[in-house]
Ligand SMILES: NC(=O)c1ccc[n+]([C@@H]2O[C@H](COP(=O)([O-])OP(=O)(O)OC[C@H]3O[C@@H](n4cnc5c(N)ncnc54)[C@H](OP(=O)(O)O)[C@@H]3O)[C@@H](O)[C@H]2O)c1
């Protein structure tokens with residue numbers, strides 16, 4: 001049986017559907033199991049990364065696990081959710097762990113690097129008795145859902161770092177790689193850096209979305225100071241806000257189109273236009 005954490009999320013939800021469709025026994029972890037809409041045959045289980053006892057119950061009997069944490073960098077003294085999930089997986093004796101990390105998360109020496117390095121090490125530690133695989137995707141196409149509320153009400157969105165391109169990836173593609181690593185051979189000890197098929201600015205993505213919806217959508221660039229204020233209001237501490245701005249302004253890694261996904265899946269990554277068609281209803285009035 002495979003335990004999927006974050007099973008109601010963008011990646012985890014897609015992963016649950018893929019594993020179930022392929023006939024694998026799946027348990028879907030969520031803090032609200034009674035509300036989860038899951039494929040037939042998938043068991044919903046309560047689990048909260050802040051509650052180790054609930055994790056023991058959720059992981060009991062699992063042979064494989066998809067591990068993800070939604071905990072924001074710097075919102076705790078360390079990646080306590082990643083650590084709790086890895087410890088629960090170890091207590092349960094799982095044999096295979098696939099961890100969702102982030103592109104270049106552990107690179108450098110800033111607060112973001114320290115956080116992700118510790119989170120990844122909880123899974124890759126040589127004392128662990130499992131085969132591990134790390135997934136390190138760049139920006140998700142699903143981040144565009146942050147525009148959904150504004151675009152249901154009007155045609156303009158305010159966007160931070162509007163000039164910075166990224167090779168965004170469809171979470172469904174991340175889920176395809178996760179399913180492969182959880183059920184196929186030859187992925188032990190691999191750290192897969194993943195991207196989408198093209199580098200687009202937020203303005204490019206908005207234009208594609210507008211084309212899909214048949215609407216003329218407008219982007220209003222947010223100054224970096226407004227972006228900083230938004231991140232602070234969201235709960236990121238000042239050193240994390242500084243690190244995010246510095247990484248976004250100075251690193252071009254997120255804009256690189258990477259070959260890994262196509263090599264692994266034998267097909268190109270899904271485009272933003274495909275993602276927009278699949279999620280058009282979220283933006284419709
Ligand atoms: N967005 C990006 O551009 C990007 C890029 C690279 C990597 N990532 C990584 O991808 C991950 C986010 O994946 P996603 O977009 O699929 O997630 P998501 O859609 O934001 O969903 C978050 C999931 O986390 C679960 N969750 C939240 N708090 C929890 C808790 N205390 N205990 C247990 N589960 C909890 C939620 O489950 P319930 O609410 O049902 O409990 C939900 O399933 C993050 O680790 C992020 O670093 C994101």
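Just one of the listed residues (121, 166, 175) is buried (at least 23 other Cβ atoms within 10 Å of the Cβ), within 21 Å of the chain's Cα centre (by Cα) and over 26 Å from residue 21 (Cα atoms), namely 166. Applying the criterion of being in a helix (DSSP H, G or I) and within 11 Å of the ligand (Cβ to nearest atom) to the residues of the stretch 1-18, the residue that is surrounded by the fewest Cβ atoms within 10 Å (Cβ to Cβ) is 10. In the stretch 225-239, the count of residues that are outside any loop (DSSP other than H, G, I, E, B) and within 29 Å of residue 184 (Cα to Cα) is zero. Residues that are exposed (fewer than 14 other Cβ atoms within 10 Å of the Cβ) and either under 22 Å from the mean Cα position of the chain (by Cα) or part of a helix (DSSP H, G or I) (or both) within the stretch 24-38 comprise 32, 35, 37, listed in sequence order. Scanning the stretch 1-12 for residues that are closer than 15 Å to residue 98 by Cα and out of contact with any strand residue (DSSP E or B) (no Cβ under 7 Å at 6 or more places or on another chain) yields one hit, 6. With the structure loaded, tell me whether residue 122 is modelled with pLDDT of 95 or more and in a helix (DSSP H, G or I) or whether it fails that test. When the stated conditions are applied, residue 122 passes them. The set of residues in the stretch 70-88 that are in contact with a helix residue (DSSP H, G or I) (Cβ under 7 Å, 6 or more places away or on another chain) and either more than 16 Å from residue 28 (Cβ to Cβ) or away from the ligand (no atom under 13 Å from the Cβ) (or both) comprises 71, 73, 74, 78, 79, 82, 83, 84, 86.
Scoring residue 62 on the criteria (1) assigned to a loop (DSSP other than H, G, I, E, B); (2) more than 13 Å from the ligand (Cβ to nearest atom); (3) surrounded by fewer than 21 Cβ atoms within 10 Å (Cβ to Cβ) leaves a single failure, condition (3). Inspection of the stretch 136-144 identifies no residue that is more than 11 Å from the ligand (Cβ to nearest atom) and not in a helix (DSSP H, G or I). Of all the listed residues (159, 98, 102), the sole one being under 15 Å from the mean Cα position of the chain (by Cα), more than 12 Å from the ligand (Cβ to nearest atom), outside any helix (DSSP H, G or I) and modelled with pLDDT of 95 or more is 98. Could you list all residues from the stretch 242-285 that are closer than 15 Å to residue 176 by Cβ and not in a loop (DSSP other than H, G, I, E, B)? Within the stretch 242-285, 260, 261, 262, 263, 264, 265, 274, 275, 278 qualify. None of 21, 44 is at pLDDT 95 or above, surrounded by fewer than 14 Cβ atoms within 10 Å (Cβ to Cβ) and more than 9 Å from the ligand (Cβ to nearest atom) except 21.
The values are calculated or read from the model by the stated rules, or taken from the named source; none is laboratory data. Please read all numbers here as calculations on a predicted model, not as lab measurements. Here the Cβ is made from the backbone with ideal geometry for all residues, glycine too, and neighbour counts use every protein chain on show.
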